[in-house]
Amino acid sequence: MIRQKQIAVVHGGVYKDEDGSVIKINSAPDNWVTKRAINRGFRAWKKMVAKTLKDSDGLQSGKYSDFKICLDKVQSRTMQNVLQALDHNGRAIDGDVVGGAGGEWNYSNLISEDPNMSGNVQNFTLHIVGEGTTSNGIDTEVGLIDSWFNTRPHPDTSGEPTLPLAANADPLGNLFDSGDVHDDRVQSIDSENDTPPYSELSHFGSSEQGGGLQRQSIAQSGGGAGAVVPVHGFTAICGLLQIEVTANSSWELILDVETKGVKF
């Protein structure tokens, strides 16, 4: 009953394991690029639904219809496999680790009005981090951050204004040049920081090399029976987390999450 498109605030938690193992908690990069990319996808989905309802008299969306996306391509494919195999998504678990009744959780899919080269309909799901997927010329998965970057104007370093080589020898330019330090300063100002401070091929949150996620918390249990360690607080875009655990035995993680998230 909580909308996904908000920032979940985790006040803290505890991690229990007897192996002395390490737990790593990762989320989508918490920055303005991620928020803009998600909002762009949300607007497209909302516009598609509104247009369809307007053109179909009497049609209504489901009571629990909402914008639902995945963290990355790995989660997207994992959850789709779960849906196909079990006909339900992750169920709520109570204190006795007993699953609740099966429910319906459909990830948002966008059906494009722009067919591919063969005239086939493009129907794709959305995830935040990582590149999209194209199968036989049809987009099946779209990475929101990657899509946002692909539609932004990129810096053109070849078009950056630069001083000609003759500038240092110009008489008027050297009118107040009492030494060579001026030439060094001109060269420094002219050449530094004229390219972006990130790789356009593997920018944070787009490339899946290294996961592309942001580490939010890490904890290690002391080992032995009853070993419990605290987990500090953090925020998670859309409440989506990747949990990495090195434990060989069963482990338990409890997080104290604010019931009202932060809108963006």
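The values are calculated or read from the model by the stated rules, or taken from the named source; none is laboratory data. Because the structure is a prediction, the values reported are computed rather than measured. In this analysis, Cβ positions are derived from the backbone assuming ideal geometry, glycine residues included, and neighbour counts consider all displayed protein chains.
A few comments on the model shown:
For every residue, the table says whether it meets (1) of a type in the set (Lys, Arg); (2) part of a loop (DSSP other than H, G, I, E, B); (3) touching a residue at least 40 places away in the same chain (Cβ under 8 Å); (4) outside the structural domain of Pro230 (by TED's automatic domain parsing).
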position: Arg3; (1), (2), (3), (4): yes, yes, yes, no
position: Val9; (1), (2), (3), (4): no, no, yes, no
position: Gly12; (1), (2), (3), (4): no, no, yes, no
position: Tyr15; (1), (2), (3), (4): no, no, yes, no
position: Asp19; (1), (2), (3), (4): no, yes, yes, no
position: Lys24; (1), (2), (3), (4): yes, no, yes, no
position: Ala37; (1), (2), (3), (4): no, no, yes, yes
position: Arg40; (1), (2), (3), (4): yes, no, yes, yes
position: Ala44; (1), (2), (3), (4): no, no, yes, yes
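- Here is the figure for the range 220-264: residues that are touching a Leu at 6+ places or on another chain (Cβ under 6 Å) and within 15 Å of Gly12 (Cβ to Cβ) total 0.
- Here Gly12 meets the list (1) among the small types (Gly, Ala, Ser); (2) more than 19 Å from the chain's Cα centre (by Cα); (3) surrounded by 15 or more Cβ atoms within 10 Å (Cβ to Cβ) almost entirely, failing just condition (3).
- Among the residues of the range 18-50, just one is under 20 Å from Phe124 (Cα atoms), β-branched (Val, Ile, Thr) and either out of contact with any helix residue (DSSP H, G or I) (no Cβ under 7 Å at 6 or more places or on another chain) or at pLDDT below 90 (or both), namely Val49.
- In the range 124-139, the residues that are farther than 28 Å from Asn31 by Cα and either within 25 Å of the chain's Cα centre (by Cα) or modelled with pLDDT of 85 or more (or both): Ser135, Gly137, Ile138
- Verdict on Leu255 being part of a strand (DSSP E or B), modelled with pLDDT of 90 or more, of a type in the set (A, V, I, L, M, F, W, C) and more than 12 Å from Gly20 (Cα to Cα): yes
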